[in-house]
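One structure, pasted below without further comment.
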Amino acid sequence: MQRKDLKTEQDIIDRLLSARSLSEEEYLRLIEGRTAESAALLAEHAVTVRDGIYGRGIYTRGLIEISNICKNDCLYCGIRRSNTRCIRYRLTKEEILSCADEGYELGFRTFVLQGGEDPFFTDEILSDIISSLAAKHPDCAVTLSLGERSKESYERLFQSGASRYLLRHETADPLHYARLHPPEMSFENRMRCLKDLRETGYQTGCGFMVGSPYQTAAELAKDLKFIEEFRPDMCGIGPFIPHKDTPFAKETAGTLELTCFLLSVIRLIVPNILLPATTALATIHPRGREKGILAGANVVMPNLSPLPVRKKYELYDNKACTGDESAQCRSCLEERMKSVGCHLTVDRGDVKNIQKGQQENADL
Ligand code: SAH
């Protein structure tokens with residue numbers, strides 16, 4: 001019996017490698033049956049596939065956290081509107097542009113404007129900021145991560161010069177979604193946003209937290225199937241980490257082990273995906289980012305926000321890298337990447353569309 005099971009596990013892995021597709025039940029088995037050996041094998045394949053497409057250069061994105069004011073009340077998030085202990089801030093246009101200028105000098109060629117859903121940032125105000133940023137740095141990409149908006153809004157921001165958008169789906173299971181969010185938020189709207197973003201022409205990113213409350217391997221299997229079907233350009237995954245002033249304060253954090261395992265699987269499902277080793281991963285383990293890279297990630301997103309606001313954008317407790325100047329951050333990351341045989345690149349870092357030859361290479 002055990003031998004047969006082992007063989008089946010191997011079959012599943014072989015098919016993931018050749019077809020880049022599994023059924024939801026097979027994803028479930030892959031997750032539930034994982035061992036240190038299967039994780040190491042998948043990581044090895046994931047790194048080979050990544051190297052075949054992107055090489056050993058790791059893309060960097062300068063993260064600018066433009067506001068921690070949020071109209072939403074996501075149960076897991078430290079900047080949810082009900083958290084009265086959160087000290088709120090909003091960056092001015094000048095502050096945002098000066099963060100980007102500093103980042104440019106340091107070698108960043110993508111700027112990610114992320115924030116809570118702050119009603120102050122109307123389409124008009126954001127368009128002005130994005131077009132100024134794009135005009136000042138025409139060789140850079142502007143990525144947005146500003147939550148749910150209307151299709152018209154996404155279109156207008158795209159026309160102003162933003163070319164990528166990150167909106168984690170958070171979970172591909174509607175019931176699980178409802179347990180993580182307040183009643184006024186809906187899974188359907190999240191999915192509508194992702195579809196609108198893609199149709200507008202953005203390089204689109206989804207993603208989820210690993211180990212969020214009520215999540216089991218069954219929900220994760222749905223996330224993997226969703227990623228297989230949606231085929232995002234980017235996917236942000238990191239461990240859930242409790243925040244002391246949220247309803248999930250007493251929940252346990254997600255693990256490094258499972259996050260890295262899933263990073264490898266995602267790389268194998270969508271070989272050319274842009275996959276960050278996230279700050280949350282660096283928060284739960286001192287070498288979390290490096291381990292993410294060793295599992296198949298190819299992006300890091302250090303913080304360019306002004307030092308005084310870094311600690312205020314506190315989605316979860318003990319967020320890593322809130323104390324270093326941007327320059328220190330970049331050189332620290334450079335060293336960390338070298339320690340795992342990689343290096344930071346000075347590049348916009350767009351998603352690479354794989355040609356037939358490269359795909360074959362990636363399959364090796
Ligand atoms: N308002 C934007 C940006 C959200 S912050 C949006 O809705 O897309 C970016 C991501 O941080 C979220 O999508 C969520 O997946 C993650 N996050 C929030 N709280 C977290 C927590 N407690 N632990 C780990 N990740 C968290």
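Only the coordinates and a few stated rules stand behind these numbers; no lab work does. Everything quoted here is computed from the prediction, not taken from an experiment. Glycine also receives a Cβ, built like all others from the backbone with ideal geometry; neighbour counts cover every protein chain displayed.
Take Ser131 and tell me if it is surrounded by fewer than 17 Cβ atoms within 10 Å (Cβ to Cβ) and in a helix (DSSP H, G or I).
yes
For region 138-153, give me each residue that is outside any helix (DSSP H, G or I), over 20 Å from Val300 (Cα atoms) and not basic (Lys, Arg).
Pro138, Gly147, Glu148, Ser150
So, one more: Please go through (1) farther than 18 Å from Thr110 by Cα; (2) under 15 Å from the mean Cα position of the chain (by Cα); (3) away from the ligand (no atom under 13 Å from the Cβ) for Lys311 and return the number of the only condition it doesn't satisfy.
Evaluating Lys311 over (1) farther than 18 Å from Thr110 by Cα; (2) under 15 Å from the mean Cα position of the chain (by Cα); (3) away from the ligand (no atom under 13 Å from the Cβ) leaves (2) as the failure.
Within region 186-224, how many residues turn out to be among the aromatic types (Phe, Trp, Tyr) and either assigned to a strand (DSSP E or B) or within 15 Å of Thr259 (Cα to Cα) (or both)?
Here the count works out to 1.
Looking only at region 135-177, filter to residues that are over 21 Å from Thr200 (Cβ atoms) and within 16 Å of the ligand (Cβ to nearest atom); which one of those is surrounded by the fewest Cβ atoms within 10 Å (Cβ to Cβ)?
Once the filter is applied, the top-ranked residue is Tyr177.
Could you check Leu126 against (1) under 20 Å from Pro308 (Cβ atoms); (2) part of a helix (DSSP H, G or I); (3) within 14 Å of the ligand (Cβ to nearest atom) and say which number it fails?
Failed condition: (1).
Could you list all residues from region 215-258 that are within 14 Å of the ligand (Cβ to nearest atom), among the hydroxyl-bearing types (Ser, Thr, Tyr) and out of contact with any strand residue (DSSP E or B) (no Cβ under 7 Å at 6 or more places or on another chain)?
Selection gives Thr246, Thr252.
From (1) within 18 Å of the chain's Cα centre (by Cα); (2) of a type in the set (A, V, I, L, M, F, W, C); (3) in a loop (DSSP other than H, G, I, E, B); (4) surrounded by fewer than 20 Cβ atoms within 10 Å (Cβ to Cβ), pick out the condition that doesn't hold for Leu258.
(3)
Could I ask something else about it? If I filter region 197-210 down to residues being surrounded by fewer than 20 Cβ atoms within 10 Å (Cβ to Cβ) and either without any contact (Cβ under 8 Å) to a residue 60 or more places away in the chain or aromatic (Phe, Trp, Tyr) (or both), which single residue comes out as nearest to Glu155 (Cα to Cα)?
Thr200
Just the residues that are under 13 Å from the mean Cα position of the chain (by Cα) and of a type in the set (Val, Ile, Thr), please, taken from region 191-226.
Across region 191-226, the qualifying residues are Thr204, Val210.
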